Amino acid sequence: MTTTASTQAPKQKSDVILHYLRPGKKFPNVWCPGCGIGIVMGAFIRMVDKLGYDRDNVVMVSGIGCSSRMPVYMDFNSLHTTHGRALAFATGVKFAKPNMKVVVITGDGDALAIGGNHFIHACRRNIDITTILINNNIYGMTGGQGSPTTPSGANSTTTPFGNAEKHFDPCDLATAAGATYVARSSVYHVPQLEKVISNALEHKGFSLVEAISNCHTYFGRLNRKGDAVSMINSFKENAVPVGKYQKMSDEEKVGKFSIGLLSETEKTEFCDEYQKVVDAHRNDGK
Amino acid sequence: MAKVLMKGNEAIAEAALRAGANNYFCYPITPQTEVAEYMAKRMPEVGGVFLQGESEVAVGNMIFGAAATGKRVFTTSSSPGISLMQESISYMAGAQLPCVIVNIMRGGPGLGGILPAQSDYFQAVKGGGHGDYRLLVLAPSTVQEAVDLMILSFDLADKYRNPVMMIGDGMIGQMMEAVEFPDKDADPKPPDESWAATGAKDRKPRIIKSLFLDPVKLEENSWLLHEKYERMKKEEVRFELYKVKPENEFMIVSYGTMARICQTAIDELEEEGVSIGLFRPISLFPFPSTQILEEATKENVKALLTVEMSTAQMMEDVVMAVVGNRPVEFYGRCGGIVPTPEEVKEKILEMQKTYSK
């Protein structure tokens, strides 16, 4: 873990992003030109700044993959972990230091394939962790293999004849597993993305923001979706506000995805519940 | 058959198909993902099974399942992925299931890096999982040898009903070389299914397991496995000698791609008048201990040098092999840095000063 000294927040709005980065040390980044991950990072930084969090009190945890590189570039406490298991590490951090703001950055392969088990159990515990899942429908870092969100029928380097498997909806999965704040937006819908990230950070309990993003380098190229701009434009065309989406027929839903707040419930949070157990049974006189 | 130019990872994949291994499970990890991508295209063409699992843990258990049906099955991964498979490897060894696991090694420990290394020697040879078991471990030094050993691996896995691991450093997977495959008509040996779970209709059920709660039964199983490993030591030792002559003063022990680099160093040292040869273990378990001892104790040999892309792992086996009869020195680089012939030469020249006094 790297700890950084807190510094005065910048006055100029344009300097906000730079203030939270690790320039000179970790740049240039690994992302392809036009990648949507940077848009999510920008939205996240602006919201952390707006909420006025002390960055010494924020821990960024990630696993392996393109999106998991994000905490490397930002100047918070950071913990870069094994593939798929960031949520297990994050649970350890949060449970040991319940007052810290713990944020996990993950991708579709990382969170839903190798990390699927950790993902559902973090949701089930309703531990106060915010997870931002950047979904680009493919494994980018290793070169374009199919992931659990690669749509049925879509091409990847390991589904060269079209994906024969069914794909996950991470938001449905999280809601069913017990997450108490679940929202989806895209790298086109930046103001909305910022809003749901901000709300997720402020939510007490397990929160998930799924950010639909573009991997034009692999998913776009293998599925003739065009360049970064055309892929981001397609999010504009295919995203449907959740209220409207729920009224659509199955036929109308094909190729579309819902955005907005998908579910929000109030449930007791895990660290608080455990503290109650300690309070009721502590007998060491402290 | 004519030679073709192929990348190591793809050649390994094609070789498995030639061995009749029509069941492949995988998870993406650099530097071996090309095997998965090649198989994704080829398996449907041959009516085989390709499945990208949700993790290496899942893949390890998918192999167990497929192997238990008596079919030829394999996976490929790289160091951190192989670590995740250790549980199922131990279970497969305990349950006596044949399968082939390829580790295209990258630097470790932990997440390490993605460049070539040989730092999983202990994991492969000494047992990365729990319990009294061994893997039969083979290490190719060229793409052609990777093809040949891949095909052999399936035969050995069936012969011993034991997992076979082929370990190659990242270079074996990534470099392109001319390779020749056996004829397509040369049908692979059909695997022996007399032990496999194929459906118990009209016969007694067969039970495949590694669970023996009765200590007497578990001890029986452990000794049964041990006997197998002893038989491997007798029948499966493989190695290659390069310029090993009676007048040699020094002998390098090195395996995989590293051994090829040592060959260049040996050629250059020879020109400078140093008498030196190379002992290249091909089977790492069983380790060619007797043969190393024999060569090391030839009259003129002053000392041995092991060269590895790790911090002296195989060296321990070399030291055990020569049982104090000759000094064994070590030269190695790790973290993805590959020793150059010049570095190896320099080390030998230094040793010459020490031992020629």
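The values are calculated or read from the model by the stated rules, or taken from the named source; none is laboratory data. Given the structure is predicted, the values throughout are model-derived calculations rather than measurements. When we count neighbours, we look across all protein chains shown, and the Cβ atoms used for this are built from the backbone with ideal geometry, even at glycine.
Details
- Qualifying positions in the stretch B:104-142 - in contact (Cβ under 8 Å) with a residue 60 or more places away in the chain, closer than 18 Å to B:D317 by Cβ and among the basic types (K, R): B:R134
- Test: residue in the stretch A:48-70 that is modelled with pLDDT under 95, among the aromatic types (F, W, Y) and either more than 21 Å from A:L193 (Cβ to Cβ) or not in a helix (DSSP H, G or I) (or both): no
- Selection of the stretch A:12-37 for residues being in a helix (DSSP H, G or I) and farther than 29 Å from A:F219 by Cβ yields A:K13, A:S14, A:D15, A:V16, A:L18, A:H19.
- Candidate set from the stretch B:309-357 (those that are over 20 Å from the mean Cα position of the chain (by Cα) and of a type in the set (D, E)); member that is farthest from B:I114 (Cα to Cα): B:E350
- The stretch B:15-53, subset assigned to a helix (DSSP H, G or I) and touching a residue at least 60 places away in the same chain (Cβ under 8 Å), residue surrounded by the fewest Cβ atoms within 10 Å (Cβ to Cβ): B:R18
- Residue in the stretch B:64-86 that is nearest to B:A36 (Cα to Cα), counting only those that are hydrophobic (A, V, I, L, M, F, W, C) and in a helix (DSSP H, G or I): B:I82
- Checking the stated criteria, A:F168 turns out to be within 14 Å of chain B (Cβ to nearest Cβ), closer than 20 Å to A:A86 by Cα and outside any helix (DSSP H, G or I).
- Taking (1) modelled with pLDDT under 95; (2) of a type in the set (A, V, I, L, M, F, W, C); (3) touching a helix residue (DSSP H, G or I) at 6+ places or on another chain (Cβ under 9 Å) in turn, A:A43 satisfies each apart from (1).
- The conditions of being in contact (Cβ under 8 Å) with a residue 40 or more places away in the chain and either surrounded by fewer than 18 Cβ atoms within 10 Å (Cβ to Cβ) or under 30 Å from B:G47 (Cβ atoms) (or both) are met by A:N223.
- Any hit, the stretch A:67-77, residues being within 14 Å of chain B (Cβ to nearest Cβ), over 15 Å from the mean Cα position of the chain (by Cα) and more than 21 Å from A:C215 (Cα to Cα): no
- Hits in the stretch A:201-253 (condition: closer than 30 Å to A:T91 by Cα and not aliphatic (A, V, I, L, M)): A:E202, A:H203, A:K204, A:G205, A:F206, A:S207, A:E210, A:S213, A:N214, A:C215
- Condition check for B:G94: buried (at least 20 other Cβ atoms within 10 Å of the Cβ), at pLDDT 95 or above, out of contact with any Pro (no Cβ under 8 Å at 6 or more places or on another chain) and within 12 Å of chain A (Cβ to nearest Cβ): no
- Scanning the stretch B:45-86 for residues that are away from chain A (no Cβ under 14 Å) and not small (G, A, S) turns up B:I63, B:F64, B:T69, B:K71, B:R72, B:V73, B:F74, B:Q86.
- Condition check for A:L173: outside any strand (DSSP E or B), under 20 Å from the mean Cα position of the chain (by Cα) and surrounded by fewer than 24 Cβ atoms within 10 Å (Cβ to Cβ): yes
- Answer residue from the stretch A:109-165, given it is within 12 Å of chain B (Cβ to nearest Cβ), within 16 Å of the chain's Cα centre (by Cα) and in contact (Cβ under 8 Å) with a residue 60 or more places away in the chain and is surrounded by the fewest Cβ atoms within 10 Å (Cβ to Cβ) among those: A:L112
- With respect to the stated conditions, A:H189 is closer than 24 Å to A:V229 by Cα and more than 14 Å from chain B (Cβ to nearest Cβ).
- Where strands (runs of 3 or more DSSP E) sit wholly within the stretch B:121-179, those with at least 3 residues that are within 29 Å of B:A95 (Cα to Cα) occupy B:136-138, B:163-169.
- Screening the candidates B:I89, B:I101, B:I12 for the property of being crowded, with 24+ Cβ neighbours inside 10 Å, more than 10 Å from chain A (Cβ to nearest Cβ), part of a strand (DSSP E or B) and in contact (Cβ under 8 Å) with a residue 60 or more places away in the chain yields one hit, B:I101.
- A:V103 being within 28 Å of A:F235 (Cβ to Cβ), in a helix (DSSP H, G or I) and β-branched (V, I, T): no
- In the condition set (1) crowded, with 21+ Cβ neighbours inside 10 Å; (2) at positive phi; (3) more than 14 Å from chain B (Cβ to nearest Cβ), A:C35 is compliant with all but (2).
- Screening B:F122 on (1) within 14 Å of another protein chain (Cβ to nearest Cβ); (2) of a type in the set (F, W, Y); (3) touching a Gly at 6+ places or on another chain (Cβ under 9 Å) shows it passes everything except condition (1).
- Checklist (1) in contact with a Pro (Cβ under 6 Å, 6 or more places away or on another chain); (2) free of Cβ contacts under 8 Å to residues at least 24 places away in the same chain applied to B:V237, failing item: (2)
- Single residue of A:G285, A:G226 found to be within 20 Å of A:H189 (Cα to Cα), part of a loop (DSSP other than H, G, I, E, B) and more than 22 Å from the chain's Cα centre (by Cα): A:G226
- Of residues in the stretch A:85-108 being among the polar types (S, T, N, Q) and surrounded by fewer than 24 Cβ atoms within 10 Å (Cβ to Cβ), the one nearest to A:V209 (Cα to Cα): A:T91
- Top-ranked residue of the stretch B:194-223 - restricted to ones that are assigned to a helix (DSSP H, G or I) and touching a residue at least 40 places away in the same chain (Cβ under 8 Å), ranked as surrounded by the most Cβ atoms within 10 Å (Cβ to Cβ): B:N221
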